[in-house]
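Notes to accompany the following structure.
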């Protein structure tokens, strides 16, 4: 009886173009059927993965963690070698869209819950709305593109001091040529 069921099952697999395991395999479950678009089957349990990286594995590779906007703000505020006047903040305003203001226009120390219309001279935003920071019109930190030239946390070896040095050299060259 069991042999009859097994042979009918194999026949059904063949009629529906479902791959079966060959007898040399150690796994005891059949592979998933292929779809009409020839998508590879779901991996079989206990099967050894090949050392090669395929397209599915490359999507699962974890990106290096990026420093947050809070980290950038703290660095600009507390690093005495950084001049706040040269920094700009790009942020999303709920009503106006993407905006950009000078870093010194913001009060990052204020508690947002205490800000109301009567304190209209205070510019304070939630940190999650910050999209980028610029130094002398060069983007040094960008949330969307994962650019971090402030700390170099996303794999780039440059830091803010490299950017400042590059800008200083450009200014010296422009001044010398005038």
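The values are calculated or read from the model by the stated rules, or taken from the named source; none is laboratory data. Because the structure is a prediction, the values reported are computed rather than measured. We place every Cβ from the backbone using ideal geometry, glycine too, and count neighbours over all the protein chains shown.
Looking across the stretch 144-163, the residues that are touching a strand residue (DSSP E or B) at 6+ places or on another chain (Cβ under 7 Å) and either more than 16 Å from residue 87 (Cα to Cα) or free of Cβ contacts under 8 Å to residues at least 40 places away in the same chain (or both) come down to 144, 147, 149, 154, 156, 163.
Take residue 161 and tell me if it is in a helix (DSSP H, G or I), within 17 Å of residue 67 (Cα to Cα) and modelled with pLDDT of 90 or more.
Taking the combined requirement at face value, the residue satisfies it.
As a summary of the residue check, residue 15 satisfies the conditions (1) at pLDDT 80 or above; (2) within 30 Å of residue 162 (Cβ to Cβ) except for the one numbered (2). Residues that are loosely packed, with under 13 Cβ neighbours inside 10 Å and either over 16 Å from residue 90 (Cβ atoms) or outside the structural domain of residue 98 (by TED's automatic domain parsing) (or both) within the stretch 138-160 comprise 155, 157, listed in sequence order. Among residues of the stretch 79-113 being assigned to a helix (DSSP H, G or I) and without any contact (Cβ under 8 Å) to a residue 24 or more places away in the chain, the one that is surrounded by the most Cβ atoms within 10 Å (Cβ to Cβ) is 104.
When you scan the stretch 44-61, do you find a residue that is modelled with pLDDT of 60 or more and surrounded by 10 or more Cβ atoms within 10 Å (Cβ to Cβ), even just one? Checked against the condition, which is being modelled with pLDDT of 60 or more and surrounded by 10 or more Cβ atoms within 10 Å (Cβ to Cβ), the stretch 44-61 yields no hits at all.
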